[in-house]
Amino acid sequence: MGMTMTQKILAAHAGLKSVEAGELVLVSLDRVLGNDITSPVAIREFEKIGATDVYDKDKVTMVMDHFAPNKDIKAATQCKMCRDFCQQHEVTHFYDVGDMGIEHALLPEKGLVVPGDVVIGADSHTCTYGALGAFSTGVGSTDMACGMATGKAWFKVPSAIKFVLKGKLNKYVSGKDVILHIIGKIGVDGALYKSMEFVGEGVSALTIYDRLTISNMAIEAGAKNGIFEVDEQTLEYVKARSSRTCTAYTADEDAVYDAVYEIDLSSITPTVAFPHLPENTRTFDEIGDIKIDQVVIGSCTNGHYKDLEEAASILQGKKVAKHVRAIIIPATQDIYLRAIENGLVRIFIEAGCVVSTPTCGPCLGGHMGVLAAGERAVATTNRNFVGRMGHVTSEVYLASPAVAAASAVAGKIASPYEIVK
């Protein structure tokens, strides 16, 4: 029986010739990741099991991004705990204020993940790195602790769903619209503990950043991971950032899939996920007049330079509606600097936006844009659960940077085609 991309990666890291869906395997890890919320719990568990050192100081990574710069004393205490741990164990890849970014944008940028890797992270959106042909998935802090100590993790091998992509995206349509379209189609449990595998000639029509966005939200369909076929675009991206040897895995022709979907990228239009689930998607022929209070453009899902560039192209020469607070959050320091150097930050500020240092901030209702009772936000983030960005009666509408920017100008949920004519 043939294997999927994910199954091949797990087999290789388990030292086995083959694996099957449902099999339990112990695999070697290429990277273990934590942030300022999840790492303190993992550190306590690490100490509780009697571990004295991390398995590889170059393969453990901690990023201070959720409540950093620290929003309160508790956040400061959590970051200090991570800082002290990484100093004690001489962890190479510790990223703090001034050198940090939102973790799932930072690791690819730093070249810390390459095709064929196995990565675990104590954050559900660790599945982002499947965009680079890696197996990456979120785990609990206890698994992170064991991973830091041993360099290994147990997995039940997932079955898979294949998404065959064809065609090209239209203007103002991006990876965010693709993944919202897919989640709207299969539901938030449509890929429960499965691998979402993206193949086909349409893959080459997507930028690496579109792929990062799509893989990032695989968890919102319940998936164990999302993964893309490696192509020349992937290899060029990785080689510019890493000197590590990588392995590109392709699925066998006789690999078994639970389902196969064909997605025509050219048929996808700007899509919005209404409260309170990412599957509650609508296109603009179904969206009425919905006034908003806030727009957030950023997060590990859509804080890439390409995202800011698209938002700026819509906001240039325009003003944010007077009743709307527009918050722009570059995902890393490098993206922030490029946005300054290339004039994007000027465009944002002249339009009436505020620009923040890299942080997860408002995505999880942390800081830098928490919502009050009854407020509505259009956000390029990944979740719109009840109370996700603030008060339990607030509402979050998930959208692409293009839709978010257009909505900021219109003062209501708006299509970019309405604003840019």
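Under the condition of being open to solvent by 20 Å² or more (accessible area, probe 1.4 Å) and in contact with a helix residue (DSSP H, G or I) (Cβ under 6 Å, 6 or more places away or on another chain), which residue from segment 215-232 is farthest from Asp117 (Cα to Cα)? For segment 215-232, the residue satisfying everything is Ile219. Listed by position, the strands (runs of 3 or more DSSP E) enclosed by segment 252-354 that each have at least 1 residues that are farther than 21 Å from Leu169 by Cα are 259-264, 294-297, 325-328.
Whether a residue is of a type in the set (Val, Ile, Thr), within 18 Å of Thr137 (Cα to Cα) and in contact with a helix residue (DSSP H, G or I) (Cβ under 8 Å, 6 or more places away or on another chain) was assessed, and Val54 does not pass this test. Inspection of segment 111-123 identifies no residue that is touching a His at 6+ places or on another chain (Cβ under 8 Å), in a helix (DSSP H, G or I) and either of a type outside the set (D, E, K, R) or crowded, with 24+ Cβ neighbours inside 10 Å (or both). Cβ-Cβ contacts under 7 Å between residues 6 or more apart (or on different chains), taken from a first residue in segment 246-267 that is within 11 Å of Met5 (Cβ to Cβ) to a second residue that is among the hydroxyl-bearing types (Ser, Thr, Tyr) and open to solvent by less than 50 Å² (accessible area, probe 1.4 Å), are listed as Ala251/Thr4; Ala255/Thr4. Exactly one residue out of Met148, Met196, Met144 is farther than 23 Å from Lys59 by Cβ and of a type in the set (A, V, I, L, M), and it is Met196.
Being at pLDDT 95 or above and open to solvent by less than 10 Å² (accessible area, probe 1.4 Å) is not true of Gly184. For segment 27-75: of the residues being surrounded by fewer than 14 Cβ atoms within 10 Å (Cβ to Cβ) and of a type in the set (A, V, I, L, M), which is farthest from Phe135 (Cα to Cα)? Result: Ile73.
Of all residues in segment 383-408, those satisfying the criterion of being surrounded by fewer than 24 Cβ atoms within 10 Å (Cβ to Cβ) and not in a loop (DSSP other than H, G, I, E, B) are Gly390, Glu395, Tyr397.
Would you point out the residue of segment 309-343, among those that are among the polar types (S, T, N, Q) and under 19 Å from Ser400 (Cβ atoms), that is least open to solvent (accessible area, probe 1.4 Å)? Residue satisfying both the conditions and the ranking: Ser313. Filter segment 142-171 down to the residues that are touching a residue at least 24 places away in the same chain (Cβ under 8 Å), open to solvent by 20 Å² or more (accessible area, probe 1.4 Å) and more than 14 Å from Ser267 (Cβ to Cβ) and list them by number. Correct list: Thr142, Cys146, Ala149, Thr150, Lys152, Trp154, Lys156, Ser159, Lys162. Are any of the residues in segment 337-359 under 23 Å from Leu180 (Cα atoms) and among the small types (Gly, Ala, Ser)? Among the residues of segment 337-359, not one is under 23 Å from Leu180 (Cα atoms) and among the small types (Gly, Ala, Ser), which makes the answer no.
Within segment 273-308, being open to solvent by 10 Å² or more (accessible area, probe 1.4 Å), more than 20 Å from Thr357 (Cβ to Cβ) and touching a helix residue (DSSP H, G or I) at 6+ places or on another chain (Cβ under 7 Å) holds for Glu279, Thr281.
The values are calculated or read from the model by the stated rules, or taken from the named source; none is laboratory data. Fair warning: this is a prediction, and the values are worked out from it, not measured in the lab. Positions of Cβ are generated from backbone atoms using ideal geometry, with glycine treated the same way; all protein chains shown enter the neighbour counts. SASA here: full protein model, heavy atoms, side chains in, ligands and nucleic acids out. Shrake-Rupley method; radii C 1.70, N 1.55, O 1.52, S 1.80 Å.
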